Every structure is written in C-alpha cells, then in structure tokens.
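Colleague: First the structure, which I've put down as structure tokens, then a few questions once you've had a look.
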Amino acid sequence: MRGALSVSSFVFVLHIVGLYGQQASPAIMEETVRSMIERITPNLADKFVVEIPEVAEQDFFHLEQETDRKIRITASNGVSAASGYFYYLREYLHSTTSWTGSSLEIARKFDELPFLREPVHKD
C-alpha cells in the first residue's frame, strides 16, 4: 500500500536533512520531499512545487497557489517543507497520516487541488 510508507518517508526526510549535524544541499532536500509527496499522493504529485533557498534565517514554510493551480511549498529545509505538505493535506484535503493510521484515501480521490485562498506562512 503506497500510503503505508508515509511515516517512514518522513523519518527519511529527517535523516537526509542531517540528524548528525550536517545538512544536505537544498537540491537533495527538495528531491527528497518531492519523492515523499509522490509516494503519499501519487495522483497529486505533479501539483506541488518544492523550493528550499540556499540560506534561511529561521525555520519556516510558506504555501501559495500559483496561476496554474500548483501549490508552491517554500521552506527553510526538508523537514519544514514536509511539514508544509502535511499542513496542506490536513487543512485543505482533510487527510492525515500518522503512526496509527491515515485518511489518505480522501486525498487520493482529488484530481485537482482545492484552491488556496491566500498564502500561508508558518514560522
């Protein structure tokens, strides 16, 4: 089952961004988060854009809808980008995933993403 990997995917993101004091490059973190999105919601993976800047002063994620209806996740690192993705799942697709289960079948029924009325920024 594809959704069963979601928690382990998140743990992998934690590992790749550096549990040992070394941080992966933004490109590696972006690709890791994109891979996680593909595993969790393959039907919506092409609807998300992940961007991690080279330098970030503080931990954050920012969500905004682009003109082509894609959701751009800009974040300070891979963990924050994954948090932004899970925030969108919970708040806009009414889906969750955790160690004890998930409601991802709801998210997997969408062909298009719900409209994000205004950008979301979380520090």
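We did not get these values from a lab; they are worked out from the coordinates using the rules stated. This is a predicted model, so every value here is computed, not measured. As a convention, Cβ positions derive from the backbone with ideal geometry for all residues, glycine included, and neighbour counts pool all protein chains shown.
Colleague: Contour minus end-to-end for VAL49 and GLU91, with contour as 0.36 nm per residue of separation and end-to-end as the Cα-Cα distance?
Modeller: Answer, rounded to one decimal: 13.3 nm.
Colleague: Tell me the net charge near HIS121. Cut-off is 15 Å between Cβ atoms, HIS121 excluded, with +1 for each Lys or Arg and -1 for each Asp or Glu.
Modeller: -4
Colleague: Moving to a separate point now. So for the stretch 44-95: antiparallel DSSP bridges make up what percent, rounded to the nearest 5?
Modeller: 55
Colleague: Under the rule of at least 5 residues apart or a separate chain, name every residue whose amide H is placed under 5 Å from the amide H of THR96.
Modeller: Residues meeting the criterion, in which the H sits 1.01 Å from N, are SER103, LEU104.
Colleague: What order, most packed first, do the peptides 68-80, 24-36 have when packing is the mean number of other Cβ atoms within 10 Å of each residue?
Modeller: Taking the mean over residues of other Cβ atoms within 10 Å, the ranking is 68-80, 24-36.
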